[in-house]
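Here it is, the structure, as structure tokens.
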Amino acid sequence: MKKINDGRNQRILPHEYFHLAGGTSTGGLAALLLFRLKMNTKQAIEVYNEMAKEIFSPRLPWFLGGYNLQEFGRLGYWVGNPSLWAKALVLPSRFSDSYLRKAIDDIMAREDQRGGDTLRKPGITPMFMCATSVTNECAELFRSYNPPQGVDDRFRSITVRDAALATSAAPTYLPMVKIGNEEFWDGGLLNNNPINQVWDARYEIESSNRNEPDISCVVSIGCGRVNRPIRQPGRGFLNTVSTAISYTTNTEAKHQDFKRRIDMLRRRNMNIHYFRFNVELEEEINLDDWQSMPRLEKTTRQQLGHGWDLGRTLQSW
């Protein structure tokens, strides 16, 4: 967006430049902040960092004061981690979702809205958040827009708070969320890269009766990848399970599938541009390790700058 706004007197916001957005987990929250709440990228990054600090911080038990251990920096992170793993063995999740609930309510209040407001808000740039229905064993989209008649729309009244909780409910990190009679985990279990859902949703927002909506550009942003193959399973059941989980949450497979689709369409003279940005990491960063965000931001800036083989990080077709 900074590049787009270079030389402009009046800055353009993401919701003014793109016509549709979708995401899951962190991507779902980003879609909420940038499109449903119409923030600029700087605001959204600051808000997400605040949220992550509140949500993913190990705390002492209430009878010991309930102090946030990550206030003590990396030492607090490493001291608190064993207790979080112990909690995961006996409880449904390492963290409570009460801090996420409060964070969403606070963010909405800043925008003169409420966490209990419906996600549905016709008139804004369409966006959706992905979640996995544990009850029905399928992916669900929580939309800010009215889909065409005939599309399953039973979550038309879902609140911003519930949608945010559901898209964020990563197994072992945050508890399942119950909405109506259904229980949800985050969308990453089935759609860690929801590029196909975004592509298909273009039919839901196109008002004309044309067979193929006119699409000029698709942008996909990953959460970072380690530049090495997924490890082969070692001996033992747990090693095999760990490797299988790595494959299910891998985002690159969906990217490669979608790239082949775009290649096919371009061979049919459809002028569609596809951009995929996924920062290259030296090591994996845990979902709850918000203290590594400055390092991730620094790496991202380096790889978008001069002196880096940009083709390794930003790919286009």
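Between Ile205 and Met1, how high is the FRET efficiency from 1/(1 + (r/R0)^6) when r is the Cβ-Cβ distance and R₀ = 22 Å? Nearest 0.05.
0.55
If you don't mind, there's one more thing I want to ask. Label point 7 Å out from Asn40 along Cα-to-Cβ: which residues of region 2-29 have amide N under 20 Å?
Under 20 Å, as judged by backbone N against the label point of Asn40, lie 2-19 of region 2-29.
Kindly rank 145-151, 129-135 from highest to lowest mean number of other beta carbons found within 10 Å of each residue.
129-135, 145-151
In addition: Within region 91-124, which residues have the backbone N less than 16 Å from the label spot 7 Å out from Glu50 along Cα→beta-carbon, could you tell me?
It comes to 99-115, nothing else.
Something else: Please give the contour-minus-distance gain from Gln113 to His19: 0.36 nm per residue of separation, less the Cα-Cα distance, rounded to one decimal in nm.
31.5 nm
When Lys and Arg each count +1 and Asp and Glu each count -1, what net charge do the other residues less than 12 Å away from Arg266, Cβ to Cβ, add up to?
Result for the local shell: +4.
Next question. Starting from the Cα of Gln149, step 7 Å along the direction of its Cβ; do the same at Met293; then give the gap between the two resulting points in nm.
For Gln149 paired with Met293, the spin-label model returns 4.5 nm.
Please work out the FRET efficiency for the pair Asn9 and Asn136, using the Cβ-Cβ distance as r and a Förster radius of 45 Å; give the result to the nearest 0.05.
After rounding, the FRET efficiency stands at 0.35.
Within region 128-162, name every residue whose backbone N is under 20 Å away from a label modeled 7 Å from Cα of Asp257 along the Cβ vector.
Zone members listed by number: 128-134, 136-142.
Every number in this text was worked out from the coordinates using simple rules, so none of it is lab data. Computed from a prediction, not measured in an experiment: that's the story for all the values here. For neighbour counting, all protein chains shown are included, and Cβ atoms are generated from backbone atoms with ideal geometry for every residue, glycine included.
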